[in-house]
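Participant: Can you keep this structure in mind? I'll have questions shortly.
The values are calculated or read from the model by the stated rules, or taken from the named source; none is laboratory data. Every value quoted in this text rests on a predicted model; they were computed, and no experiment measured them. Backbone-built Cβ (ideal geometry, glycine too); neighbour counts: all protein chains shown.
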Amino acid sequence: MSSDSTAHLHITTIGCGMGGFALLVTLHRRASPRRSTKEIPASTPTPTSKAPPTSAGRGDSALREDGLQESFEKLSRPEADEMSLAASSRRVPHATRRANPFRGRTFGELLLDAIPPHLIHCGHALSSACRLSNGQHKLPFTNGFTTASDFPVGLDGASSHIRPLASQTTPTFLDVNGVEISCAPEVMKLAETVEKIWNGTPMAMQNSCMLGAQINGDGRLHTYAWLRKPELWVISNSAEAKAGLLEHFSG
């Protein structure tokens with residue numbers, strides 16, 4: 001990337017996941033003073049994301065160079081890196097369990113605290129993207145806001161509006177659909193739940209179905225139920241979801 005002696009390079013990241021926030025921290029802390037950065041997430045930030053493990057090769061160098069390594073080590077839950085696979089007839093082995101040091105803050109909050117608030121714009125869902133004759137890119141949003149960017153970065157998932165600017169490849173649906181279930185710590189029996197699923201990530205797979213669960217750094221329980229369903233399959237309410245999932249995962 002380059003810019004002339006008078007103009008700022010306008011970088012826009014689209015997406016409010018951990019990748020978008022990490023990139024924005026890096027640009028903010030290490031970019032040239034002549035370059036400006038701007039983050040326009042597609043939706044409200046989600047600072048409840050779990051703290052990932054500190055294994056080498058998973059972003060440690062970026063965190064260290066951005067001055068966040070020490071804070072991250074205090075926050076991280078390396079025990080969450082453990083994984084166990086089982087069929088429905090097998091129990092998750094107890095030998096893999098460890099102590100469960102929940103953290104009060106989350107990885108998302110760590111990144112958000114390092115980003116000046118004026119660089120983050122919530123409630124901006126990108127509707128399209130196109131190149132302009134001057135080399136910039138026009139980015140209109142569903143709320144009526146439009147901006148021009150020298151360098152848009154697409155971190156907005158499978159249905160990205162930025163990807164077509166760089167590739168004609170389109171996502172392929174693989175006949176797998178699912179439901180994500182999130183339970184706050186205050187609405188569940190935390191100690192009893194930890195005793196059943198331990199601190200890592202247990203997964204049970206059988207008959208083209210999979211259940212996975214993990215306790216996040218703030219004590220929230222995330223469970224994922226994956227099964228063979230068409231791409232447009234939708235569950236309209238929680239009662240229907242519960243009944244349908246109990247039927248699919250019976251036994």
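Participant: Considering only residues that are under 14 Å from HIS124 (Cβ atoms) and surrounded by 15 or more Cβ atoms within 10 Å (Cβ to Cβ), which ones fall in the range 138-153?
Facilitator: Hits for the range 138-153 are LEU139, PRO140, PHE141, THR147, SER149, PRO152.
Participant: Condition first: out of contact with any strand residue (DSSP E or B) (no Cβ under 9 Å at 6 or more places or on another chain), at pLDDT 60 or above and assigned to a loop (DSSP other than H, G, I, E, B). Now tell me which residues in the range 58-104 satisfy that.
Facilitator: Those that are out of contact with any strand residue (DSSP E or B) (no Cβ under 9 Å at 6 or more places or on another chain), at pLDDT 60 or above and assigned to a loop (DSSP other than H, G, I, E, B): GLY59, ASP66, GLY67, LEU68, SER76.
Participant: Looking at the range 116-137, which of the residues that are modelled with pLDDT under 90 and more than 15 Å from GLY15 (Cα to Cα) is surrounded by the most Cβ atoms within 10 Å (Cβ to Cβ)?
Facilitator: The extreme case among them is PRO116.
Participant: Any residue in the range 114-126 that's not assigned by TED's automatic domain parsing to the domain that holds GLY144: show its pairings with residues that are β-branched (Val, Ile, Thr) at Cβ separation under 8 Å, as long as the two are six or more apart or on different chains.
Facilitator: Sorted first by the residue in the range 114-126, then by its partner, the list stays empty.
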